[in-house]
Ligand SMILES: [Fe+2]
Ligand SMILES: [Fe+2]
């Protein structure tokens, strides 16, 4: 798996310089064409994002299909952990590439960021609810209803256009940067944090350590041997 292939030496402190810079080099982009719309390639940025989406959906299913509060608590933590990291990594790695590389990228990225902001606020409410609370499931369902639309748009529109414009090696590089970035992002929702460069990086770095310390004391799904903060659930 990609995450396992990353060497510790590469997991150094995330700085503004290690966040993907706007890409203008012609070698990294290719002219948009219908032929470029191919199946998801192994190791591509699309593949890692699709994997995250399926994981988020799986945690959601575990919560709504259980009546055991302990199980719901464990998967609530896993859901928040996965979605919080995924959203910020997209904002740091994927949306800047969409913004700079696609003709209508600015509008696409702004729309995605606005949808993320809604999701983060919903996630913030959800992460503070107890499984026995009467708002617990309705809050999660409302969050997921909007999130499923966002996921569908990303998978069927945004990522398709991005992959069509990227050379394959650049897509794989973005996938590596995406996974590395997730190691440094906050693991809980902080809807007040900026979601556009350059401030998102600094705020994320400040917030992430506290989240990770608190993760130590949270409960996690028992099916996973490697859990946060030591790397998180393995797929
Ligand atoms: Fe997203
Ligand atoms: Fe996503």
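Bear in mind these aren't lab numbers, they're just calculated from the coordinates by the rules spelled out. What you see is a predicted model; the values in this text were computed from it and never measured. In this analysis, Cβ positions are derived from the backbone assuming ideal geometry, glycine residues included, and neighbour counts consider all displayed protein chains.
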_Paramagnetic label zone (point 7 Å from Cα along Cα-to-C-beta, residue 149; backbone N under 11 Å) in segment 91-123_ = 115
*Using 1/(1 + (r/R0)^6) with R0 = 25 angstrom and r between the beta carbons of residue 58 and residue 156, what's the FRET efficiency to the nearest 0.05?*
0.80
*Tell me, what is the FRET efficiency for residue 219 and residue 39 to the nearest 0.05, using R0 = 45 angstrom and their Cβ-Cβ distance as r?*
0.75
*Fewest-first sequence of 91, 57 by Cβ atoms within 10 Å of each Cβ*: 57, 91
*For the pair residue 114 and residue 66, what calculated FRET efficiency results from E = 1/(1 + (r/R0)^6), where r is the Cβ-Cβ distance and R0 = 35 Å, to the nearest 0.05?*
0.65
*Pairwise label distance in nanometres, residue 121 with residue 134, each label 7 Å out on the Cα-Cβ vector*: 2.4
